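Here is the structure we will look at, set down as structure tokens.
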Amino acid sequence: MRSERRRVRALLKGLGLPPHPTLAELHAAYEARFQRALRLIEQEVAPGEPTGRYEQYLTHDRIYYPKHTSRAHQLLVVCHELAHLLLGHLPRYDAIDPAVVRRVLGRSHYDDPTEHEAETIGTLLYQQLNLAPEVGPAAQLAPSLVHREGRHV
Ligand SMILES: [Zn+2]
């Protein structure tokens, strides 16, 4: 776990972030580094479906996180999916038109080594986050999550 923790700190440092960034800072740093918009999208999750997933389109990335759960769980899912993106994990689903979607990955395949890696790094990422309510311009960068502050949890 110690080397993974170092890896997460190095990831954050590589993005030009302090050791404990807010989600909005992490979001903004991701977009700046990869020159891609990242959309955080809340979705209804039926029992048995993956709680989160990410998709990479030609011009932007999307992370889906579950609607009916605590904010802590939502953030954990977002961090897990963000870990996949930051670690550059490879495509899973070949059935989707590769011209439209570059990479799609659900969160239910824990047997996969990339799932284990994303779970470890994502959880550590979550633990590093500054979870204080966000204020100022940065808060607008993750409005879908910030606006729900206080309504869920
Ligand atoms: Zn995953």
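Tally time: how many residues in the stretch 5-54 are closer than 17 Å to T123 by Cα, in contact (Cβ under 8 Å) with a residue 60 or more places away in the chain and either of a type in the set (D, E) or assigned to a loop (DSSP other than H, G, I, E, B) (or both)?
Total meeting the criteria: 4.
Residues are listed down the side, and each one gets a yes or a no for (1) under 18 Å from L11 (Cβ atoms); (2) within 12 Å of the ligand (Cβ to nearest atom); (3) modelled with pLDDT of 90 or more; (4) open to solvent by 50 Å² or more (accessible area, probe 1.4 Å):
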residue: P50; (1), (2), (3), (4): no, yes, no, no
residue: H60; (1), (2), (3), (4): no, no, yes, no
residue: P66; (1), (2), (3), (4): no, no, yes, no
residue: L75; (1), (2), (3), (4): yes, no, yes, no
residue: C79; (1), (2), (3), (4): yes, yes, yes, no
residue: A95; (1), (2), (3), (4): no, no, no, yes
residue: A99; (1), (2), (3), (4): no, no, no, yes
residue: V104; (1), (2), (3), (4): no, yes, no, no
residue: D111; (1), (2), (3), (4): no, yes, no, yes
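The values are calculated or read from the model by the stated rules, or taken from the named source; none is laboratory data. All values derive from a computational prediction rather than experimental measurement. Ideal geometry is used to build each Cβ from the backbone, glycine not excepted, and the neighbour counts take in all protein chains shown. Heads up: the accessible areas ignore ligands, DNA and RNA and are worked out on the full protein's heavy atoms, side chains in. Shrake-Rupley method; radii C 1.70, N 1.55, O 1.52, S 1.80 Å.
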